[in-house]
Amino acid sequence: MTKTLLHISGLSVLLLLAVSCQPTRTLQEGQYLYTGAKLEYTGSKPEVSSTALESAIAQQPNQSFLGMPVRLGIYNAASGKDRKFNRWVQRKLGEPPAIFDFQEAETSQLRLEKQLLDQGYLQARVQMDTIRKKQTVSAVYRLSPGTRYELTGMDWPADTNDIGRFIQKAHSDSSVWQNQPYQTQRLSEERSRLANSGNENGFYGLSPRHFYYFLDTTAEQHNVKAFLRLAESPSGNPYQRHYIGQTKVYPVYYLEEPEWNYKDTVEEEGILYLQNRDFVKPQVLSRTILQDKGDLFVQSLQQKSTNRLMGLGAYKFVNLKVEVREEGDSLFLDRSFYLTPNLTQNFSAELEVSSLSTASSSLNGGVNLNYAHRNLFGGAERFNLKLSTNIATQIGEEVDFINSYNIGLEASLRLPGMVAPYNWLKGEQAWQSSTTAQLRGDFQRRTNNFSLFSLSGSYGFDWQPGRLHRYTWKPVQLTRTQLLSSTDQFEERLAGNPRLRASFEDNLILSTIFEYNYSERRPGKREDYLTMFASVEPAGNLSYGIARLLSPDGSTPYQLLGMPFAQFLRVDAGIQYHWYQKQTDWLARLNIGIAQPYGNASSIPYIRQFFVGGSNSIRAWQIRTLGPGATPVEALNAETFQDQTGDLKLEANVEYRFPIISYLKGAAFVDAGNIWLVEQGPADTGTESGVFQWDEFYRQIAIGGGLGLRLDISYFVLRLDIAFPFRKPYNEPGNRWVFDEVAFGSPNWRTENIVYNLAIGYPF
């Protein structure tokens, strides 16, 4: 292994040297290869970040690796041959030479000078020189910043009209303007602050360009005094506050239809609805539109009204147009909302497949089918019907082809707004609230082991007080589980593991779920973002109170409706960060979950336990085949119950995504984690290696990684990930890292270690 790595390293160095030779050989006469720029300072160094100054340099040299322009070398190596493949190599893998441009160098000089001026160095000067060596040129910029000026104060308009009084009031909310370094950016931000504040106080159309400054640098040496002034109104009239006028809504609007075609006019809560057919009920739309006739115009509330209309889910587009109308001495804004309906019904499918070519080949995958109706009763009610399936197959002697399968059917109905006896959300907190009722049935069959059925129902609410935060509360979630059948072999296994037996007992789960989601992601924006989530589920407390009340001297476990009920606390939390580069992006994710039984229960019900593995988890292992802890992985065959679950989950993922060609993208990833039991019961046997211990758990982390391909056509992503283990926690200590066992050329190693994951959509 070591010799192989040395050979690969040596070949890599030789390749880098080969492609980096003669970087100027494709240049024409009179052309010079630009090798970069250097900043030098005359006098004291300015208090400006080096990054800000370097970003002002217009021209950039060729990219380099270990000091060598590798991509330029690839470009040169593929030049001179008019072949389609060579042109593809140049375009996708290479980089053309960065030819020195004197005009861009002069532009950089001016931009550096402006950067210093904007930071308060009002006497700054920048000189540019070039250093020429053979057919290469580098630039040197000599910066003379001088003394930095201070802002000694701000003079504000003293007008007594509406806009003058507003500016005077806004002045009190302004930041400190005395004895601060002069910065153009601060002055620009103040203009934007005043314009935004004005639009929130009725001054419709007020923008930063309506404010300007006079600067006085003569009063004191190296000091500046700023004079803020208001430009004349574009209309020539004094700036006035605007009020909400007439509001019109076109609930079924299409661009190709003339406006006069909307003949049916309905008035609801002071809003006129113009339509040619019914779609969403006017009383539902009226609840989403903020501000009434005569209210002082507030810009942010118009955007929130648009967001609330989009949040109904019934509309594809929502456009708002306003027209200024003068009535007496007042100005009114007449609003028109144009709503384009979404497809009322749609059907979607998801695919997920994981394969391991063992001696008895296994395939684990499923198909999810989803039907949605976005306006079931004409009140923007969303109805969903989802069928989910998962099948594990095996091919081998004396092995059933279908090893296990799961079938689930879920129906849900989401209603806009809070449907509850008491609505605790008031004002803007309810701008994106909804109520959801849900019913789900699941059937699980493990060949030669057991059949399990569960039926659950829930009723809850979710609301979004702002763009970043979203909350979900299900005050009632009721689940009934029943072990329909079990084989003698499985019963024998249960008899030897009381914890496992307790998790499969028929029980009732009456719980409450609270979820919180935080997301900085903005659809369509290629910018770094952070997401977080947390979920808390206490179960059985209400059931316990009722059981104790009805039977205070009853024997444990207590029962409700004639059956035992589970009592536990389950917490799940995660964080993910996504950051972008020019064409590539990185993702990092961490997920932690823990569940603790107490009171009426000795273990977590099977359907509430954690598991890892599969196409969206630790991809080097199939779903439910890893853990708990260092528990040995048993051979996949019909004689074994291969369904690993635990009370605690720890999972981390890092993924690097990069373009390949057109819609085809690539990925490299590393996944790590495991599951554990929280504690070992007195009668448990064979679970010692699966119990979480602070001084041992980090030694039981499974690590795997691999490469992936994604066919990404924006609205559809087909993904193939190929992964293999780096670290196997169930191996003997000292032999858990398995890099020295990697042998891609060995059929035996490939069949035992490589896992293929096929899925629709990104893993996270």
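Structure notes:
- When we screen ARG287, ARG325 for residues that are closer than 30 Å to PHE377 by Cα and touching a residue at least 24 places away in the same chain (Cβ under 8 Å), the only hit is ARG287.
- Odd one out for ARG325 among (1) surrounded by 19 or more Cβ atoms within 10 Å (Cβ to Cβ); (2) charged (D, E, K, R); (3) farther than 28 Å from SER433 by Cβ: (1)
- Spans of helices (runs of 4 or more DSSP H) in region 19-134 with at least 2 residues surrounded by 14 or more Cβ atoms within 10 Å (Cβ to Cβ) and touching a Pro at 6+ places or on another chain (Cβ under 8 Å): 70-77
- Looking only at residues in region 657-678 that are aromatic (Phe, Trp, Tyr) and over 15 Å from GLN581 (Cα atoms), the one that is surrounded by the most Cβ atoms within 10 Å (Cβ to Cβ) is TRP676.
- Scanning region 297-322 for residues that are in contact (Cβ under 8 Å) with a residue 40 or more places away in the chain, under 23 Å from TYR239 (Cβ atoms) and either of a type in the set (Val, Ile, Thr) or out of contact with any Lys or Arg (no Cβ under 8 Å at 6 or more places or on another chain) (or both) gives VAL298, GLN299, SER300, VAL322.
- Of all residues in region 745-759 being part of a loop (DSSP other than H, G, I, E, B) and surrounded by 10 or more Cβ atoms within 10 Å (Cβ to Cβ), the one that is nearest to the chain's Cα centre (by Cα): ILE754
- Any hit, region 573-587, residues being polar (S, T, N, Q), buried (at least 18 other Cβ atoms within 10 Å of the Cβ) and in contact (Cβ under 8 Å) with a residue 60 or more places away in the chain: yes
- Selection over region 722-744 of residues that are in contact (Cβ under 8 Å) with a residue 60 or more places away in the chain and either in a helix (DSSP H, G or I) or not assigned by TED's automatic domain parsing to the domain that holds ASN674 (or both) gives a count of 2.
- The residues on offer are HIS242, HIS222, and the sole one that is of a type outside the set (Phe, Trp, Tyr) and either touching a Ser or Thr at 6+ places or on another chain (Cβ under 8 Å) or at positive phi (or both) is HIS222.
A quick yes/no check of all residues on (1) of a type in the set (Phe, Trp, Tyr); (2) at pLDDT 85 or above; (3) over 22 Å from ASN616 (Cβ atoms); (4) not assigned by TED's automatic domain parsing to the domain that holds ARG501:
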| site | (1), (2), (3), (4) |
| --- | --- |
| GLY540 | no, yes, yes, no |
| ASP572 | no, yes, no, no |
| TRP579 | yes, yes, no, no |
| LYS582 | no, no, yes, no |
| ASP585 | no, yes, no, no |
| LEU590 | no, yes, no, no |
| GLN596 | no, yes, yes, no |
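- Cβ-Cβ under 9 Å pairs, at least 6 apart or on other chains, region 369-382 side among the acidic types (Asp, Glu), far side in a strand (DSSP E or B): GLU381/HIS373; GLU381/LEU413; GLU381/ARG414; GLU381/LEU415; GLU381/PRO416
- ASN497 fulfils the conditions (1) without any contact (Cβ under 8 Å) to a residue 24 or more places away in the chain; (2) surrounded by 15 or more Cβ atoms within 10 Å (Cβ to Cβ) except for a single criterion, (1).
Rundown of residues vs (1) modelled with pLDDT of 90 or more; (2) over 27 Å from ARG499 (Cα atoms), yes/no style:
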site	(1), (2)
PRO682	no, no
ALA702	yes, no
LEU709	yes, yes
TYR715	no, yes
LEU718	no, yes
ASN735	yes, yes
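- Entry remark, region 527-548: residues being within 16 Å of ALA601 (Cα to Cα) and of a type in the set (D, E, K, R) number 2 in total.
- ALA502, sole failed condition from (1) modelled with pLDDT under 90; (2) part of a loop (DSSP other than H, G, I, E, B); (3) surrounded by 14 or more Cβ atoms within 10 Å (Cβ to Cβ): (2)
- Residue count for region 328-339, restricted to those that are under 16 Å from GLN291 (Cβ atoms) and surrounded by 18 or more Cβ atoms within 10 Å (Cβ to Cβ): 6
- Looking across region 195-223, the residues that are under 30 Å from THR147 (Cβ atoms) and either surrounded by 12 or more Cβ atoms within 10 Å (Cβ to Cβ) or polar (S, T, N, Q) (or both) come down to PRO208, PHE211, TYR212, TYR213, LEU215, ASP216, THR217, THR218, GLU220, GLN221, HIS222, ASN223.
The values are calculated or read from the model by the stated rules, or taken from the named source; none is laboratory data. Because the structure is a prediction, the values reported are computed rather than measured. Here Cβ is always computed from backbone atoms with ideal geometry, including for glycine, and neighbour counts include all displayed protein chains.
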